[in-house]
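Presented below is the structure to which this report refers.
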Amino acid sequence: MSNPSYCDVARLVTHDRIYDDMIYSLHALNRSFLRTHPSTHIQVPTMKASSVLRLLLPILFLDCWLTNLVAFEPTAASKTNIVYFLIDDLGFADCGFNGGTDIRTPNIDKLAKEGAVLKSFYVQPVCSPTRAALMTGRYATHTGVYNVVRPGAPWGLPLAERILPQALKEAGYSTAICGKWHLGEFESAYQPTKRGFDRQYGHMFGALDYFTHVRDGKQDWMQCS
């Protein structure tokens with residue numbers, strides 16, 4: 001694993017900085033992937049592409065980062081690129097495709113219209129149990145992840161669980177995670193790149209500082225492959 005680092009983008013104390021940090025992360029992930037898969041094209045929004053996301057993301061990022069689980073298949077035309085968004089603290093009607101009107105979300109609405117809207121996935125009250133449920137397809141009663149995994153806590157999503165990126169790799173995909181993991185890091189076996197992800201760009205926990213990426217006195221920003 002490489003040493004933790006954080007984005008050296010312009011230090012603008014505005015809402016734009018939060019949006020730009022995420023887009024910077026996606027561009028970095030895109031560049032890293034294209035170095036090993038030059039024939040694959042991944043469309044990432046530009047820094048000035050979406051004024052709507054500039055309004056939406058500061059709200060969504062108040063507590064936790066937007067987590068993207070991204071899976072790419074670079075060669076077989078029969079397989080479709082897959083992008084999962086897991087957004088902490090997003091209300092059901094915060095997006096337009098669910099009837100929301102307070103915040104305009106045309107890009108997310110377009111993804112919903114052209115993709116699949118999952119209406120029967122019931123999230124858990126806090127971050128880690130919801131992520132464990134998405135990764136495994138199982139409720140907390142089966143995974144044992146009932147609470148938030150704290151920094152340094154000697155536990156995480158059980159290693160016996162077969163999780164989504166492992167299944168995608170078995171199907172021939174390359175995988176990456178951008179954003180928050182929050183399912184354990186105290187031993188390397190619990191970390192994303194040991195559990196089916198080819199690449200990780202982001203942080204292990206929530207509640208870190210947006211500008212320094214520090215949590216509990218330690219920098220929480222990973223770039224691993």
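Readers should treat all values here as calculations from the given coordinates under stated rules, not as data from a laboratory. Remember, it's a predicted structure, so these values are computed and weren't measured experimentally. Every residue, glycine among them, receives a Cβ derived from its backbone with ideal geometry; neighbour counts consider all protein chains shown.
Taking the fewest neighbouring Cβ atoms within 10 Å as the starting point, the ordered list for Val117, Val145, Val214 is Val117, Val214, Val145. Taking every pair of alpha-carbon atoms in the stretch 124-225, give the share separated by more than 24 Å as a whole percent. Value for the stretch 124-225 (Cα pairs over 24 Å): 18 percent. Taking 28 Å as the cut-off for C-alpha to C-alpha distance, list the pairs among Lys119/Lys169; Lys110/Lys218; Lys119/Lys218; Lys79/Lys194; Lys169/Lys218 that go past it. In this structure, Lys110/Lys218; Lys119/Lys218; Lys169/Lys218 lie more than 28 Å apart at Cα. The loop-placed chymotrypsin sites (Phe, Trp or Tyr not before Pro) in the stretch 126-225, going by DSSP, include none that has at most 11 neighbouring Cβ atoms within 10 Å of its Cβ.
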